[in-house]
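Chemist: Okay, handing you the structure first.
The values are calculated or read from the model by the stated rules, or taken from the named source; none is laboratory data. Remember, it's a predicted structure, so these values are computed and weren't measured experimentally. Here the Cβ positions follow ideal geometry from the backbone for every residue, glycine too, while neighbour counts run over all protein chains shown. Ligands, DNA and RNA are stripped out before the accessible areas are found, and what is left, the full protein with its side chains, is counted by its heavy atoms. Shrake-Rupley method; radii C 1.70, N 1.55, O 1.52, S 1.80 Å.
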Amino acid sequence: MNLPSSFRLLAALLFLTASTQAQDNRYDLLGRMLMPIVNVFAKNTSNPNRALSCTLKLEQMTDLPAALVGSQAELAVEYPDKMRLRAPILGEDITVCRHGEELWTYPGSKVEAVLKAAAEQKKLPKLNSKFRLEPFSLPIPEKELVFLPTLFQAKDVGSEPLDGVTCRVIDIYLMPELARALKAQGWGARVWIQPDAKPARISVAKPGWMAVVHFDQLQFAPKLPESTWEPTSEQAADVLKLDPARFQQLLGAIVK
């Protein structure tokens, strides 16, 4: 059947419009997922939520010991300088907390023993007495946050049920110029995004390595209770206080 040329033109325009909207939608969804997290760390924002808390579960990772499959981490962050992490670190379930320039870790006796052993094996970075902790900041100028999704190449993979919720699945790669600047060529991620635009799962990979993390909970709030940054009554008897330089050494031991 021969269609009038005007009809064919209209059909083509409708198809192009739908394709453009579909492409825009995945970047819009990516932006809606990223911006609540980014706004927690932004110095200037109209968003009232300046804190987040989440529970993460490690599903897979290259060379991950079987005992750590399904292990959980709890993270709390509040702008400008509060952070608390509980996770299996250095073979122990460790809590590390920052409240401005005040730092502590639990169980202190085990952390101190690990640091001592690392020092004896000369695996600790050199103590830098001038090291100071700065307020949280973003790696890109805040005036460019509106363009944040455009720093990525996004490919719509489709939809997939996860924990009884249908998630949108998107593959994400850094733009080539940014990947080169960050020396992150070959890195990629796949993210499962819930209907409320919160991430449900993220898989990160580079040649020879991969990890999959499940978000059991992710909540945003204007601030978190002050007790978040204090040891519990059960922890109080075995807390190790750290200065910024010693904290830097602990981070160095964890990374190594």
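Chemist: What's the percent breakdown of Cα-Cα distances in the range 84-155 across 5 Å bins, shortest bin first?
Modeler: Final binned percentages: 3, 11, 14, 15, 17, 11, 10, 10, 8, 2.
Chemist: Mind checking the angle between helix 5-41 and the chain's longest principal axis? C-alpha axes, 0 to 90 degrees, to the nearest 10.
Modeler: Computed tilt is about 10 degrees.
Chemist: Sequence gap at least 6, Cα distance under 8 Å: using those rules, report the relative contact order of the chain to the nearest whole percent. Kindly include the intermediate steps, with their values, before the conclusion.
Modeler: Working: 416 pairs, mean separation 66.1, N = 256.
Taking the mean separation of contacting Cα pairs over the length of the chain, I get 26 percent.
Chemist: What accessible area, in Å² to the nearest ten, does a 1.4 Å probe give for residue 227?
Modeler: Accessible surface of residue 227 is approximately 80 Å².
Chemist: Right, here's the next one. Would you work out what percent of the accessible area of the chain, with all protein chains in place, is carbon or sulfur (probe 1.4 Å)?
Modeler: 58 percent
Chemist: Still on this structure, I have one more. Let's test this: bin the Cα-Cα distances of the chain at 5 Å from zero up to the farthest pair and state each bin's percent.
Modeler: Each 5 Å bin holds this share of Cα pairs: 1, 5, 10, 12, 15, 16, 14, 10, 6, 3, 2, 1, 1, 1, 1, 1, 0.
Chemist: Calculate, for residue 113 and residue 235, the FRET efficiency according to 1/(1 + (r/R0)^6) with r their C-beta to C-beta distance and R0 22 Å; round to the nearest 0.05.
Modeler: E between residue 113 and residue 235, to the nearest 0.05, is 0.85.
Chemist: Sticking with this one: Determine, from the Cβ-Cβ distance of residue 71 and residue 143 and an R0 of 35 Å, the FRET efficiency 1/(1 + (r/R0)^6), rounded to the nearest 0.05.
Modeler: Once rounded, the FRET efficiency stands at 0.35.
Chemist: Now for a different question. Under 12 Å from the Cβ of residue 72, count the other residues' Cβ atoms, weight Lys and Arg +1, Asp and Glu -1, and hand me the total.
Modeler: Net local charge, residue 72 excluded: -2.
Chemist: Still on this structure: Can you compute the modelled spin-label distance between residue 223 and residue 180, with each label point 7 Å from Cα toward Cβ, in nm?
Modeler: Distance between label points: 4.6 nm.
Chemist: Let me ask something else. Report, in debye and to the nearest 20, how large the dipole of the chain comes out about its Cα centre when Lys and Arg carry +1 and Asp and Glu carry -1 on their Cβ.
Modeler: Numbers: 30 positive and 28 negative charges, 155 e Å.
Around 740 debye, computed over the chain.
Chemist: List the trypsin sites (Lys or Arg not before Pro) within the range 97-179 that DSSP assigns to loop and that have no more than 15 neighbouring Cβ atoms inside 10 Å. Please report the intermediate quantities before stating the final value.
Modeler: Numbers: sites: 98, 110, 116, 122, 123, 126, 130, 132, 143, 155, 168; in loops: 122, 123, 126, 130, 132.
When the trypsin sites (Lys or Arg not before Pro) of the range 97-179 are filtered for loop state and at most 15 Cβ neighbours within 10 Å, 122, 123, 126, 130, 132 remain.
Chemist: Report residue 175's accessible area, 1.4 Å probe, all protein chains in place, as a number in Å² to the nearest 10.
Modeler: Using a 1.4 Å probe on the heavy atoms, I get roughly 60 Å².
Chemist: Answer rounded, prolate or oblate for the range 31-174, using the Cα gyration tensor with square roots of eigenvalues a ≥ b ≥ c: rounded when a/c is under 1.5, else prolate when a/b is larger than b/c, else oblate.
Modeler: Oblate.
Chemist: Longest segment of the chain with no GluC sites (Glu not before Pro) in a DSSP loop having at most 12 other Cβ atoms within 10 Å? Kindly include the intermediate steps, with their values, before the conclusion.
Modeler: Details: sites that count: 101, 234.
That would be 102-233.
Chemist: With a ≥ b ≥ c taken as the square roots of the eigenvalues of the C-alpha gyration tensor of the range 141-256, please select rounded if a/c is under 1.5 and otherwise prolate if a/b is larger than b/c or oblate if it is not?
Modeler: Verdict is prolate for the range 141-256.
Chemist: Around residue 222, under 10 Å between beta carbons, what's the net of Lys plus Arg minus Asp minus Glu among the other residues? Walk me through the intermediate numbers first.
Modeler: Working: positive: 50, 223; negative: 78.
Neighbourhood net charge equals +1.
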